[in-house]
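Visitor: Sending over a structure as structure tokens; questions will come in a sec.
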Amino acid sequence: MDRVLSGMQASGKLHLGNLVGALQNWVKLQEQYDCYYFVADWHALTTGYANPEAIKESTRDLLLNFLAVGLDPDRCTIFIQSKIPEHAELHLLLSMITPLAWLERVPTYKEKQQELHDRDLSTYGFLGYPLLQTADIIIYRAKYVPVGIDQVPHLEISREIARRFNYLYREVFPEPEALLTAFPKVSGIDGRKMSKSYDNAIYLSDPPDIVEQKLRTMMTDPARKRRTDVGDPELSPVYHLHKIFSSEEEQQEVAHGCRTAGMGCIDCKKILIANIFKVMEPIWKRRNELIKNPEMVSAIVEKGTEKARKAARKTMQLVRDAMGLGRFLQ
Ligand code: TRP
């Protein structure tokens, strides 16, 4: 079975956008591939080093959600990056062969620095973000990496670094390929893209009453002020969510109701709420069970970490041998 690897940075709670944009795909992939999924807590430190408590909380939220959405520990390997120091060793060794210019020209480097201008990101660790990601991927000699389009530059540099290592020493690493998760952006409750930084997200950890309240007060077509006004569904973020969570017929029904003022926004939202509840109910149920059983979650992660660590150790032996490190007696 070909190996798939992906990770999520521990810098916030998971929301519906992460569910449909990544996690549902991860769940599907575990049927076909040897999947490794992990929480990238070191990556969260590159921007969140001043607030490690938040990284701890996010790590817990991510692990609970990985399991709650249906990642099955019998079919995939779930672990935490910082429990596998081999990633750091490989990161260090790769740093020796990585030209600074390769890192400086990764577009996310300058973009993120501007976006998060309230933090000092002129650090060594932040510049090395894509290099650490490279180590995460190639240490498992993964073939495919399911990611969103925003991560493509990181995959590109991973391929370049794998190639450079193979060229300088010997063929150790396959060049990883992105498995693009093509999913439309999910609207947040204010109509902008759902994102933890906009305070407009529906979190997987939100209980039913909060989800319902967020959806009931969600923005609609701003031009439709009264119940009797006609609206344009395409201008309503509620309709965008219908396109993801509702059936064809329901989409037609609410779109028609909006255009003709035959249906009010409240009724349109009721249909959406019911459909989102259908998706979230099994997640709430499993999440609550897992919260009551923290030892079970720890055991799953420990087992996953042990398995991943074995694979990482094996690769590191090949890497040290290729670089001539540590075996001075022969
Ligand atoms: N950069 C990814 C994100 O923003 C997280 C990540 C870290 C990752 N290492 C990885 C993704 C390796 C895929 C493969 O969420």
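Visitor: Of the numbered conditions (1) more than 13 Å from the ligand (Cβ to nearest atom); (2) part of a helix (DSSP H, G or I); (3) out of contact with any Gly (no Cβ under 6 Å at 6 or more places or on another chain); (4) of a type in the set (A, V, I, L, M), Ala50 satisfies every one except a single condition; which is it?
Guide: The failed condition is (2).
Visitor: Filter region 143-154 for residues that are more than 8 Å from the ligand (Cβ to nearest atom) and assigned to a helix (DSSP H, G or I); which is most open to solvent (accessible area, probe 1.4 Å)?
Guide: So the residue we want is Ile149.
Visitor: From the list Ala261, Ala312, Ala299, pick out the single residue that is of a type in the set (A, V, I, L, M) and at positive phi.
Guide: Testing whether each residue is of a type in the set (A, V, I, L, M) and at positive phi leaves just Ala261.
Visitor: Looking at Thr123, Thr134, which is the one that is within 16 Å of the ligand (Cβ to nearest atom), among the hydroxyl-bearing types (Ser, Thr, Tyr), assigned by TED's automatic domain parsing to the domain that holds Cys76 and closer than 30 Å to Met323 by Cβ?
Guide: None of the others qualify; the one that does is Thr134.
Visitor: Go through region 19-47 residue by residue and tally those that are open to solvent by 40 Å² or more (accessible area, probe 1.4 Å) and near the ligand (Cβ under 10 Å from one of its atoms).
Guide: Qualifying residue count for the region: 1.
Visitor: Test each condition in (1) farther than 30 Å from Glu86 by Cβ; (2) over 24 Å from the mean Cα position of the chain (by Cα); (3) not β-branched (Val, Ile, Thr) for Leu318 and report the one that comes out false.
Guide: With (1) farther than 30 Å from Glu86 by Cβ; (2) over 24 Å from the mean Cα position of the chain (by Cα); (3) not β-branched (Val, Ile, Thr) applied to Leu318, the lone miss is (1).
Visitor: Right, next: Here is a list of conditions, (1) assigned to a helix (DSSP H, G or I); (2) over 12 Å from the mean Cα position of the chain (by Cα); (3) not hydrophobic (A, V, I, L, M, F, W, C), and Asn25 meets all of them except one; can you say which number that is?
Guide: (2)
Visitor: Listed residues Ile291, Ile283; which is of a type in the set (A, V, I, L, M), at pLDDT 95 or above and crowded, with 17+ Cβ neighbours inside 10 Å?
Guide: Criteria check complete, one pass: Ile283.
Visitor: Separate question: Could you please give the count of residues in region 74-108 that are outside any helix (DSSP H, G or I), in contact with a Pro (Cβ under 7 Å, 6 or more places away or on another chain) and open to solvent by 20 Å² or more (accessible area, probe 1.4 Å)?
Guide: Residues that pass the stated criteria total 0.
Visitor: Only residues that are of a type in the set (Ser, Thr, Tyr), surrounded by 15 or more Cβ atoms within 10 Å (Cβ to Cβ) and over 20 Å from Gln133 (Cα atoms): list them for region 160-204, please.
Guide: Matches in region 160-204: Tyr169, Ser187, Ser195, Tyr203.
The values are calculated or read from the model by the stated rules, or taken from the named source; none is laboratory data. As the structure is a computational prediction, the values presented were derived from the model and not from experiment. A quick note on method: Cβ atoms are made from the backbone with ideal geometry, for glycine too, and the neighbour counts reach across all protein chains shown. Keep in mind that these areas ignore ligands, DNA and RNA; they rest on the heavy atoms of the full protein, side chains included. Shrake-Rupley method; radii C 1.70, N 1.55, O 1.52, S 1.80 Å.
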